[in-house]
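The values are calculated or read from the model by the stated rules, or taken from the named source; none is laboratory data. Here the structure is a predicted model, which is why all the values come from computation and not from measurement. Cβ: placed from backbone, ideal geometry, glycine included. Neighbour counts: every protein chain shown. Protein only, heavy atoms only, side chains kept; ligands, DNA and RNA dropped before computing areas. Shrake-Rupley method; radii C 1.70, N 1.55, O 1.52, S 1.80 Å.
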Amino acid sequence: MEVGLYTFGDVGTDPATGASVNWQQRLDNLMEEITLADEVGLDFFGLGEHHRPNYAISSPPVVLAGATRVTKSIRLSSAVSVLSSDDPVRVFQQYATVDNLSGGRAELMVGRGSFIESFPLFGYDLRDYDELFEDKLAMLLAIRDKPKLVWPGTKFTPAIEGLGVYPRPVGDLPVWIAVGGTPQSAARAGALGVPMALAIIGGQPRRFAPLADLYRRAAQQAGNADKARVSLNVHGFVGEDSQAAADLFFPAQKAVMDQIGRERGWPPQSRAQYDASIGPEGAMFVGSPAQLVDKILGLKEDLGFDRVGIQMAIGIIEHREMMKAIEVLGTKVAPELRKAG
């Protein structure tokens, strides 16, 4: 079992203390968080791409390149790169560069993205949302598989006749596909023989089991059963005391989800809803080390994952509290999950 963290680099005002965190401060804090995650033995740290004023990370590979200088063992990943509105050649080159800087520790997680700002920003039409991703994913995997690219050209990408794409990674650059709940996306990931990161931010995680089964069946039918891997990516927070962890995480998590809700027509989150979501069958993984271990292992058989990524930095949480949580995750949660396989 691999255990890690991911974040979007939230900036803004701490709802608990009123303190303000700007882009520079958040990136400074982030380097300390990644350094500590490495020191306490977490397996990976992922950074998400966003183009909104409340996030500090619009270019994950740039930040990850900085993290290569302060870490030794932890794997460094995007979470996710919005491939639909990017250039597959440049994406591959950037992560191959991070891979060389880190001595072979880079990973790439790609997806359509849950926000749409990058599409008009880079000149893409949202009506092409699905087609863009399928086309650029195929091109990215072709670049990964052979150093010289032969590409026929499509509506969105130019023809390339045997040109080299450099640098090459140290080894095989892992490419994960992030899936939010669409059966077609899960089936495609399996058919392509690409690991699937299953993002669960609402509902009951156990209900995602058919999606994981569909992914594995598609992989088997395509002859890719040996390449099938599932990562469980969730929101959560851990502390020595379960009630204190729940109370600390709630204001920051609520502020973010209420803001998104105002944009998308969701009602504000209540404390009762939050408490239900952190319960045994809820989508958030919040509580003591024992509670997180029990909840994760309780889902493992149904979903068949061998990696867990937790987004603990949702909204603004005091940096020293985040550092405590990272230490607890690395020293008390991860070892127990690894023991259980």
Next on the checklist: Can you compute the modelled spin-label distance between Arg207 and Arg262, with each label point 7 Å from Cα toward Cβ, in nm?
Outcome noted: 2.8 nm
Next on the checklist: Run the reach check for Lys332 against lysines, Cα to Cα strictly under 17 Å, same-chain hits fewer than 8 apart removed. What comes back?
Outcome noted: Lys295, Lys324
Next on the checklist: Compute the distance from the alpha-carbon center of the range 266-341 to that of the range 113-171, in whole Å.
Outcome noted: 34 Å
Checklist entry - Taking the range 172-222 on its own, what percent of its Cα-Cα pair distances exceed 14 Å? => result 45 percent
Checklist entry - To the nearest 10 square angstrom, how much accessible area does Glu117 have with a 1.4 angstrom probe? => result 60 Å²
Checklist entry - When only C-alpha pairs under 8 Å and at least 6 residues apart count, what is the relative contact order of the chain, in percent? => result 20 percent
Checklist entry - Among Arg52, Arg69, what's the order by accessible area (1.4 angstrom probe), most exposed first? => result Arg69, Arg52
Item to check | Label-point separation, Ala142 to Asn100 (7 Å along Cα→Cβ), nm | outcome: 2.4 nm
Item to check | Convex hull (Cα only) mean projected area of the chain, reported in nm² to one decimal | outcome: 16.2 nm²
Checklist entry - Nearest-5 percent of antiparallel DSSP beta bridges in the chain? => result 15 percent
Checklist entry - So what's the gap between the Cα centers of the range 1-53 and the range 203-240, to the nearest angstrom? => result 25 Å
Next on the checklist: In Å, what Kirkwood hydrodynamic radius results for the range 84-141 from the alpha-carbon pair distances?
Outcome noted: 12.3 Å
Checklist outcome for this item: Rounded to whole Å, √(5λ) for the Cα gyration tensor eigenvalues of the range 146-200, largest first, gives 27, 17, 9
Checklist outcome for this item: Cα-only Rg/Rh for the range 200-341 with Kirkwood Rh rounds to 1.00
Next on the checklist: Calculate the FRET efficiency for Gln184 and Asp294 from the Cβ-Cβ distance with a Förster distance of 25 Å, rounded to the nearest 0.05.
Outcome noted: 0.15
Next on the checklist: Below 8 Å, C-alpha to C-alpha, sequence gap of six or more: please give me the relative contact order for the range 11-127 in percent.
Outcome noted: 23 percent
Checklist entry - Taking all pairs of different Cα atoms in the range 125-263, averaging 1/r and flipping that mean, what Kirkwood radius in angstroms comes out? => result 18.0 Å
Checklist entry - When the accessible area of the chain is split by element with a 1.4 Å probe, what percent falls to carbon and sulfur? => result 54 percent
Checklist entry - How many times 2.2 N^0.38 Å is the alpha carbon radius of gyration of the range 185-278? => result 1.39
Checklist entry - So what is the relative contact order of the range 168-307, in percent, for Cα pairs below 8 Å that sit 6 or more residues apart? => result 26 percent
Checklist outcome for this item: In Å², rounded to a whole number, the accessible area per residue of the range 135-240 with probe 1.4 Å is 46 Å²
Checklist outcome for this item: For the pair Ser73 and Asp247, the simple spin-label estimate (label points 7 Å beyond Cα toward Cβ) gives in nm 3.5 nm
Checklist entry - Per residue and in Å³, how big is the convex hull formed by the alpha-carbon atoms of the range 28-177? => result 100 Å³
Item to check | Accessible surface, the range 76-131, averaged per residue in Å² (probe 1.4 Å) | outcome: 39 Å²
Next on the checklist: Out of the trypsin sites (Lys or Arg not before Pro) in the range 137-237, which ones are loop residues according to DSSP with at most 16 other C-beta atoms within 10 Å?
Outcome noted: Lys155
